[in-house]
1. Scan region 145-188 for residues that are more than 16 Å from Phe103 (Cβ to Cβ) and either surrounded by 15 or more Cβ atoms within 10 Å (Cβ to Cβ) or among the acidic types (Asp, Glu) (or both) and jot them down.
2. Restricting attention to region 12-30, and to residues there that are aliphatic (A, V, I, L, M) and in a helix (DSSP H, G or I), which single residue is nearest to Glu117 (Cα to Cα)?
3. Step by step: first the residues of region 31-63, then only those that are assigned to a helix (DSSP H, G or I) and touching a residue at least 60 places away in the same chain (Cβ under 8 Å), then the one that is least open to solvent (accessible area, probe 1.4 Å). Which residue is that?
4. Would you point out which residue out of Leu66, Leu80 is crowded, with 19+ Cβ neighbours inside 10 Å, modelled with pLDDT of 90 or more and either of a type in the set (D, E, K, R) or outside any loop (DSSP other than H, G, I, E, B) (or both)?
5. Under 7 Å between Cβ atoms, which residue pairs at least 6 apart in sequence (or on different chains) link something in region 121-132 that is closer than 12 Å to Leu75 by Cα with a partner that is modelled with pLDDT of 95 or more and among the hydroxyl-bearing types (Ser, Thr, Tyr)?
6. Identify the single condition in (1) within 24 Å of Arg90 (Cα to Cα); (2) open to solvent by less than 60 Å² (accessible area, probe 1.4 Å); (3) assigned to a helix (DSSP H, G or I) that Val129 does not satisfy, given that it satisfies every other one.
7. List the number of the failed condition for Thr112; all other conditions in (1) touching a Pro at 6+ places or on another chain (Cβ under 6 Å); (2) surrounded by fewer than 18 Cβ atoms within 10 Å (Cβ to Cβ) hold.
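The values are calculated or read from the model by the stated rules, or taken from the named source; none is laboratory data. All values reported here derive from a predicted model rather than from experimental measurement. All Cβ positions, glycine included, derive from the backbone under ideal geometry; neighbour counts span all protein chains shown. Side chains included, ligands, DNA and RNA excluded: accessible areas come from the protein's heavy atoms. Shrake-Rupley method; radii C 1.70, N 1.55, O 1.52, S 1.80 Å.
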Amino acid sequence: MTTTPTPTGRTDAPTRREQILKEAARLFAERGFHGVGVDEIGAAVGISGPGLYRHFPGKDAMLAELLVGISERLLDGGRLRVAESAGDPRALLGSLIDGHIDFALDDRPLITLHDRELDRLKDEDRKRVRQLQRQYVELWVAVVRDLYPAAPEPEARAAVHAVFGLLNSTPHLGAPLGRTDTERLLRALAHGAFGSLA
């Protein structure tokens, strides 16, 4: 989990709570939710397992905050990019792609967690994640349809989901390329996929 850029562009140092979440995400992704104890998470951030309960009531709360939190962050980031786009759909789509690439490369454990552990959330939290994800998808669909107005809505939506699948495949890429080359490749593939709607 990356640190959060402030409106001024400054990046705050991670709080203790954010450090705990980052290590919890890493450990859950590596060994599964049930394969990790609070003592191990505490040790990873230099506090006792019971000390975690000053920050979270338990592992379930950590998992919920991780998955709901990243869905909120993606949607908020997308909305901010829309607000800053000055109505240029091509530039906006490029900005959305770049933002999602940053997420896919910086927060790989969260992608793994979502794939493996979403069903472990309480119904209310799982519904919240799904609601946020639908809004994020629809934000992208609106931009894609502005840029490619001849594309039918179902086709535009399918293209958005396909690009998400492509970008979110990063946990399975291994490390054959450096960060810059991986970004360049993912960007080219995403733009190529959307370009097929023309």
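1. Those that are more than 16 Å from Phe103 (Cβ to Cβ) and either surrounded by 15 or more Cβ atoms within 10 Å (Cβ to Cβ) or among the acidic types (Asp, Glu) (or both): Arg145, Asp146, Leu147, Tyr148, Ala151, Glu153, Glu155, Ala156, Arg157, Ala159, Asp181.
2. Among those residues, the one meeting the criterion is Ala29.
3. Phe33
4. Details: Leu80 fails: crowded, with 19+ Cβ neighbours inside 10 Å.
Going through Leu66, Leu80 in turn, just one is crowded, with 19+ Cβ neighbours inside 10 Å, modelled with pLDDT of 90 or more and either of a type in the set (D, E, K, R) or outside any loop (DSSP other than H, G, I, E, B) (or both): Leu66.
5. Matching pairs, first to second residue: Val129/Ser71; Leu132/Ser71.
6. (1)
7. In the conditions (1) touching a Pro at 6+ places or on another chain (Cβ under 6 Å); (2) surrounded by fewer than 18 Cβ atoms within 10 Å (Cβ to Cβ), Thr112 misses (2) alone.
Table: residues versus (1) of a type in the set (Phe, Trp, Tyr); (2) closer than 23 Å to Pro109 by Cα; (3) modelled with pLDDT of 95 or more; (4) not in a helix (DSSP H, G or I).
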| site | (1), (2), (3), (4) |
| --- | --- |
| Val143 | no, no, yes, no |
| Ala151 | no, no, yes, yes |
| Glu155 | no, no, yes, no |
| Ala159 | no, no, yes, no |
| Val163 | no, yes, yes, no |
| Pro171 | no, yes, no, no |
| Ala175 | no, yes, no, yes |
| Thr182 | no, yes, no, no |
| Arg187 | no, yes, yes, no |
